[in-house]
Amino acid sequence: MASAVTTSRPGYRQLLRTPGAWTFLLPGFTARQPFAMLTISIVLLVEHTTGSYGVAGAVAAVTGVSMALFAPQGGKLADRFGQSRVLVPGVLVHVVAAGLLTALALGQAPLWTLFAAAVPTGASVPQVGPMVRARWAAKLDGHPLMSTAAAFESVTDELTFVIGPVLATALCTGVHPAAGLVAEAALTLAGGLLFAAQRRTAPPVSRPGTDGERAPRTSALAVPGVRVLAAAFLGIGSVFGGMQVALTAFTQDIGEPGLNGPLYGVFAAGNMLAGAACGAIAWRASARRRLLTAYAALAPACSVLWTVHSPLLLGALGLLVGLCIAPALITGYTLVETLVPATARTEAFTWLTGAVALGQAAAVTAAGQLADRFGPSAAFTVPLIGTSLALLTLVVLRGRLVPSPDAASHSGGRGVVAGSATRSWDSGDRDGAEADARV
């Protein structure tokens, strides 16, 4: 489809002038706010009713793994039948499942029932973030502003994770232990239905026989580049999960548990600042080269965390790690737009989001075990291992991060506005990819 943007210079002002953008941005922000509240709400509620952080963390981990496994299937259905037709029933199932989990926890039900209820609660988490990204991709197909949109979404995600946990904690500690999960379900219902109502900006659904085009029958995971990106995003999840546990263990070990929030806040601030900067830069290098560069910086940044024993120095290193995270996330999401046919992008975005969640769940478990047995320093090795493996995967399999002719034929066209600029960008991106192949 033709791009609605009339300028060739990427920038947030131009991005937000995209016709129809605000109709899905504001409902989208409201609808995904509960996602950042879910884990901490479950931990605080279950710990209150069972007296065990171990049990609470395990229930929350089941929720995260369930979401990682089921979210891509929801994305695939959204690509095939439309976002609203998938989102509405998903929201209703999530509200019922979260309510059941709350009731079971408050009722002192057997632990196995909490784990059982955690599965549908995680499986039905609305994937609003990937849906918003899919709407940007439909609006900006092939336009340089797509990278700016990816950066904007990364900043929005980080802002969500700054607000959500604070709100959930305040509700659970100041109102009632179940208030956080109740609020999460209520916001999911209101925000999800409001976002689903914005049908005009939803990506078009491609059906067999329409416009001479046949909808793909295979999963987005069949695209080799998506598999590589999903593996790399496991490394990003290892940073999020490992930092959460390691910082908590570190601040408790030095007798300053109150520093946990500020230290993690500095890490998140670095992510937000880098994300904002990435969206304001008119990149000349190809997305694949930028991705490799981002991970080449991220792994070394994580490599010295385990040696630090000063809160001030740890805060500075946390800021550095956060600055390296955003470029990796943003470029990965940007690559999806060129690797995957338009009819499978929502699913592709959910695979990446699910990979982050799965990596985070694994990292929380591993870092917790290492912290218990060997101390906080050992927990900081989890981000190092995760990012190093991700970098190795990208270096070895970088040849798969090249758009296939099939993806290009289903991309929906490059648009007719700002034609010369768009052609120049396309040519530059191909030249950069060819240069990458020679590295």
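List of remarks:
- Count - residues of region 205-226 that are in a loop (DSSP other than H, G, I, E, B), surrounded by fewer than 16 Cβ atoms within 10 Å (Cβ to Cβ) and either among the aliphatic types (A, V, I, L, M) or at pLDDT 75 or above (or both): 1
- Number of residues in region 19-43 that are open to solvent by 40 Å² or more (accessible area, probe 1.4 Å) and aliphatic (A, V, I, L, M) equals 2.
- In region 376-390, the condition of being open to solvent by 20 Å² or more (accessible area, probe 1.4 Å) and of a type in the set (Phe, Trp, Tyr) is met by no residue.
- Scanning region 250-295 for residues that are open to solvent by 50 Å² or more (accessible area, probe 1.4 Å) and within 26 Å of residue 396 (Cα to Cα) yields 283, 284, 289, 293.
- Qualifying residue in region 65-73 (condition: under 26 Å from residue 369 (Cβ atoms), of a type outside the set (A, V, I, L, M) and at pLDDT below 80): no
A quick yes/no check of all residues on (1) in contact with an Asp or Glu (Cβ under 9 Å, 6 or more places away or on another chain); (2) among the polar types (S, T, N, Q); (3) modelled with pLDDT under 50; (4) assigned to a loop (DSSP other than H, G, I, E, B):
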| position | (1), (2), (3), (4) |
| --- | --- |
| 347 | yes, no, no, no |
| 366 | no, no, no, no |
| 388 | no, yes, no, no |
| 394 | no, no, no, no |
| 402 | yes, no, no, yes |
| 427 | no, yes, yes, no |
| 434 | no, no, yes, no |
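- Residue check for residue 312: surrounded by fewer than 23 Cβ atoms within 10 Å (Cβ to Cβ) and closer than 18 Å to residue 260 by Cα: yes
- The listed residues are 98, 134, 78, and the only one of them that is crowded, with 19+ Cβ neighbours inside 10 Å, modelled with pLDDT of 85 or more and in contact with a helix residue (DSSP H, G or I) (Cβ under 6 Å, 6 or more places away or on another chain) turns out to be 98.
- Residue pairs meeting the criteria (Cβ under 8 Å; at least 6 apart or on separate chains; first within 18 Å of residue 191 (Cβ to Cβ), in region 154-170; second of a type in the set (S, T, N, Q) and modelled with pLDDT under 75): none
The values are calculated or read from the model by the stated rules, or taken from the named source; none is laboratory data. All figures in this text were calculated on a predicted structure; none of them were measured in a lab. As a convention, Cβ positions derive from the backbone with ideal geometry for all residues, glycine included, and neighbour counts pool all protein chains shown. Accessible surface is based on the protein model in full, side chains and every heavy atom, while ligands, DNA and RNA are left aside. Shrake-Rupley method; radii C 1.70, N 1.55, O 1.52, S 1.80 Å.
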